[in-house]
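Taking it in order: structure first as structure tokens, then the write-up.
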Amino acid sequence: MNDMRIVERDVETREIKIRGDKVQVFYGDNHAIKDVDIEIQDKTVTAFIGPSGCGKSTFLRCLNRMNDTIEGCRVEGEITLDEEDIYNKQVDPVQLRAKVGMVFQKPNPFPKSIYDNVAYGPRIHGLASNKADLDVIVEKSLRRGAIWDEVKDRLDAPGTGLSGGQQQRLCIARAVATEPEVLLMDEPCSALDPIATAQVEELIDELRTNYSVVIVTHSMQQAARVSQKTAFFHLGNLVEYNETGEIFTNPKDPRTESYITGRIG
Amino acid sequence: MTDASANTPATPRVKTSLLELGERTKKRNAAEARFKLYGMMAVGTGVAALLLLLISILSQGLPAFTQTFIKVNITLDESVLDPSGNRDPDEISKVLTFSYDPIINDSLKGLALELSAQHSEVTADVLQDMISAEAKGRLRADVIANPDLIGQTIEYEFLANGRIDGYMKGRVTRETAELDGNVTPLQLDVADAMIVEEKLEKRFNWAFITAPDASELRPEAAGLGVALMGSAYMMAIVFCLALPIGVAASIYLEEFAPKNWITDIIEVNISNLAAVPSIVFGILGLAIFINYMGLPNSAPIVGGLVLTLMTLPTIIISTRASLKAVPPSIRDAALGVGASKMQAIFHHVLPLAAPGILTGTIIGLAQALGETAPLLLIGMVAFVNNYPESIFDPATALPVQVYNFTQRSDPAFVERASGAIIVLLVFLFCMNMIAIILRRRFERRW
Ligand SMILES: Nc1ncnc2c1ncn2[C@@H]1O[C@H](COP(=O)(O)OP(=O)(O)OP(=O)(O)O)[C@@H](O)[C@H]1O
Ligand SMILES: [Mg+2]
């Protein structure tokens, strides 16, 4: 429909991985997500932006049903992964979470060795039949987490003994070790210095070749740098969802415009 | 935009020096110094009380670990002890303690002869009253345990009577002996003579720890063996029941149970249960375990069950607290890589909570170890002279044994009560050590 943007055409040929339809989330009486319709594409980085408290994390957590663990949280509407309703009664959230991995805002490695941190997921999902396989998976994951060179000599050291940025990359390695199809990242760089941030961003860009990545960020620059699609949330509504370039250069909604120019926040 | 007027100070600023202390700072510092002093006084009081307690118990109780023995040469006459001559333990067991009297008397005659150089009035009868009434029984037990001794003349040590032992420990003097029907000043003189001849010796007495209790008249033979075994059995029962039940209940309540009025009621009741006086648990045990279920009186199994009920709330409360203290981010991390709730709990939460759970368990066990009141009600206060062979046999417990000792009139039991307290404290100390070692092994950083 719009021939001028080649990039967009490229994006639109991709399959839809996750589809949200009239999603509502309530925390008790608090209506945190209102009527969100969204289509998240495969092999794409999608960024969620918006002011604090607008529901980005809440919506992200809906996508792998981490909200199930929150007392009093209720999700309505439909969310599908590969056209399958993830809130269907037959779906075991454990299987879903193996497909939809998550990296949290605060690095949270297990208080175990670096090796065990990464090996834990493959072990419980039976991805490796022997120690050698597991070693391969661990090395591959740590390499993808851009942390292999720093830790290869001390895989037995506790993961909690790493610096904040290293811990976050370890968590990313742990998330990719289970070979998920979608990777959700909630402000993965908020605790990182610019160098580590750059490493993580580079990593996200690489991950795009295999996964659908959804990233929540407070940094417009980061959203612009790493994502192809951007969704702007405001007060629980999905205000605008479009190509990243489009959102930042030519926002349709006045609220989006004031946010990216720094007037709401 | 900021309000410019809000930033201007209301009063003009007075120039102050950092090198001088202001009025308020001085006051604050004084208050802090006072508070530190109070704190130190409080700690000091606590430490002083503890020291006083320890010193008094140790000074009173340590003598209980030594006992006085009288050395004799004794000929174990085969014709009396093993008439058939084939050293069959069954045959030897048939010889009653009564038959040992002449043998002992002979040996005492020999001793009297040896002592005659020191003291002219020594006779076998005087010596007979100086050895414990328990001596015969112990000699017989030794012979049965070691039949090869029969026919030989061996050096043997008789347990000295409680009064002679008291004389050695400074409890009995010639003045008190005048007034005492159980000992005469003559016997004390003889004791002095025996010391010179090196026939009387005070030394460490394992029997205090291993022997069963003895009657009121034989304080020198009373030991803690049965009580120790009873306490150990009960601790094992409490540990094996209360820990798994308590931990399972806590995990369920904390992680799985829906939050509704039923779980609220359960929660309130667990807290209340922790505050129920222990004697109530004793009545419960008497009514349910003994009267209704028909379990035997005085048995460690009943004591263990009652103490388990008593310990459960403590374990549940501390386990839940330590489960709560595990950061939620660890759970999220585990769930995020696709672990099930149970995997998240057992692989990650429980190991992190283990030190806290262990601490709670040991506190509960320590309480149970020192508990007396409920045991009185279920009959563990009885006089038990046989070692319990299983948890269904009658036994006593350490704190009850302390109570028993204090109820007896013979002053020799005073040191035994304190000695039993020392054993109880050592038992506790060992349990705490185990807990600390285990905790060290489980402790991890996060
Ligand atoms: N566990 C919870 N229980 C109750 N209310 C919650 C909970 N988590 C979030 N909320 C509410 O839901 C709304 C959205 O919160 P959410 O955490 O999704 O915001 P966010 O966009 O991620 O903000 P931030 O950028 O600060 O992380 C807020 O009003 C918040 O108060
Ligand atoms: Mg958030």
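As a fraction of the 1.4 Å probe accessible area of chain A, surface on carbon and sulfur atoms comes out at 48 percent.
Summing +1 for each Lys or Arg and -1 for each Asp or Glu among the other residues whose beta-carbon sits under 15 angstrom from that of residue B:34 gives +3. Here segment A:76-90 and segment B:274-340 have alpha carbon centers that stand 42 Å from each other. Within the accessible surface of segment B:246-330, defined with a 1.4 Å probe on protein heavy atoms only, the carbon and sulfur portion equals 72 percent.
If you take every residue apart from residue B:101 with its C-beta less than 15 Å away from the C-beta of residue B:101, what net charge results, scoring Lys and Arg +1 and Asp and Glu -1? Mind dumping the intermediate values first?
Details: positive: B:109, B:136, B:138, B:140; negative: B:77, B:106, B:125, B:129, B:134.
Residues near residue B:101 contribute -1 overall.
Only Cα sites of chain A enter the Debye sum here, all with the same form factor; the resulting log10 I(q)/I(0) across q = 0.09, 0.16 1/Å is -0.41, -1.25, listed in q order.
A helix-only calculation puts the protein assembly as shown at -16000 deg cm²/dmol for mean residue ellipticity at 222 nm, using -39500 (n - 2.57) for each DSSP H run of at least four residues, averaged over all residues. Applying the criteria of a DSSP loop state and at most 13 other Cβ atoms within 10 Å to the GluC sites (Glu not before Pro) of segment A:225-256 yields no site.
Using the Kirkwood radius over C-alpha pairs as Rh, can you work out the diffusion coefficient of segment B:225-442 via Stokes-Einstein at 20 °C, viscosity 1.002 mPa s, in µm² per second?
Values: Rh = 18.7 Å.
Once the numbers are plugged in, D ends up at 115 µm²/s.
Counting Cβ atoms of other protein chains within 10 Å of each residue's Cβ and taking the mean over peptide A:57-65 gives 1. How would you classify segment B:382-445 from its alpha-carbon gyration tensor, with a ≥ b ≥ c the square roots of the eigenvalues: rounded for a/c under 1.5, else prolate if a/b is greater than b/c, otherwise oblate? Because a/c hits 1.5 or more and a/b fails to exceed b/c, segment B:382-445 counts as oblate.
Relative contact order of segment B:65-205: 41 percent, from C-alpha pairs under 8 Å at least 6 residues apart in sequence. So what's the net charge close to residue A:24: Lys and Arg +1, Asp and Glu -1, counting the other residues with Cβ under 13 Å from its Cβ? Counting the neighbours of residue A:24, the net charge comes to -3.
Take the cross-link list A:22/A:229; A:229/B:324; A:56/A:131; A:56/A:152 and give me the ones stretching past 29 Å between alpha-carbons. Intermediate results must be reported in sequence, preceding the final value.
Working: A:22/A:229 20 Å; A:229/B:324 40 Å; A:56/A:131 39 Å; A:56/A:152 35 Å.
In this structure, A:229/B:324; A:56/A:131; A:56/A:152 lie more than 29 Å apart at Cα.
The alpha carbons of segment B:65-205 give a radius of gyration and a Dmax of 15.8, 52 Å, in that order. Computed on chain A, with alpha-carbon pairs under 8 angstrom and 6+ residues apart, the relative contact order is 26 percent.
Computed from the alpha carbon positions, the gyration tensor of segment A:140-265 leads to an equivalent ellipsoid with semi-axes of 31, 15, 12 Å, biggest first. Heavy atoms of the protein chains alone define the surface here; on that basis segment A:64-122 has 44 Å² accessible area per residue at 1.4 Å probe size. Divided by 2.2 N^0.38 Å, where N counts the residues, the Cα radius of gyration of chain B comes to 1.44.
Nearest 100 Å² is fine: what is the total accessible surface buried where chains B and A meet, probe 1.4 Å?
Details: alone 24420 and 12660 Å², together 35300 Å².
The buried area between B and A, both sides summed, comes to about 1800 Å².
A 1.4 Å probe run over chain B, with the rest of the protein chains in place, finds 53 Å² accessible per residue.
For segment B:213-279, state the average projected area of the convex hull of the C-alpha atoms over all orientations, rounded to one decimal in nm². Present the calculation step by step, with values, prior to reporting the outcome.
Details: hull surface 26.0 nm².
If I average the Cα hull's projected area over directions, I get 6.5 nm².
Going from the isolated chain to the complete set of protein chains, segment B:340-370 loses at least 40 Å² of heavy-atom accessible area (1.4 Å probe) at B:347, B:348.
For chain B, what relative contact order do you get, as a whole percent, if you take Cα pairs closer than 8 Å and at least 6 residues apart?
Details: 588 pairs, mean separation 81.7, N = 446.
Value for chain B: 18 percent.
Convex hull volume of the C-alpha atoms in the protein assembly as shown, normalised per residue: 303 Å³. Around the amide H of residue B:397, modelled in the peptide plane, lies no amide H under 5 Å away from a residue 5 or more places distant or on another chain.
How would segment A:24-87 be classified by its alpha-carbon gyration tensor: rounded, prolate or oblate, with rounded meaning a/c under 1.5 and the a/b versus b/c comparison settling the rest?
Working: a/c = 1.91, a/b = 1.27, b/c = 1.50.
It is oblate, given that a/c is not under 1.5 and a/b is not larger than b/c.
Taking a ≥ b ≥ c as the square roots of the eigenvalues of the Cα gyration tensor of segment A:1-139, is the shape rounded (a/c under 1.5), prolate (a/b larger than b/c) or oblate? It comes out oblate by the Cα gyration axes.
For segment B:171-258, the Kirkwood radius over C-alpha pairs fed into Stokes-Einstein at 4 °C and 1.567 mPa s yields D = 72 µm² per second.
Shielding by partners for peptide A:107-117, expressed as the average number of C-beta atoms from other protein chains within 10 Å of each residue's C-beta, is 4.
The values are calculated or read from the model by the stated rules, or taken from the named source; none is laboratory data. Predicted, not measured: the structure shown is a model, and the values here were computed from it. Positions of Cβ are generated from backbone atoms using ideal geometry, with glycine treated the same way; all protein chains shown enter the neighbour counts. For the accessible areas, the whole protein counts, side chains as well, though only heavy atoms, and no ligand, DNA or RNA atoms are used. Shrake-Rupley method; radii C 1.70, N 1.55, O 1.52, S 1.80 Å.
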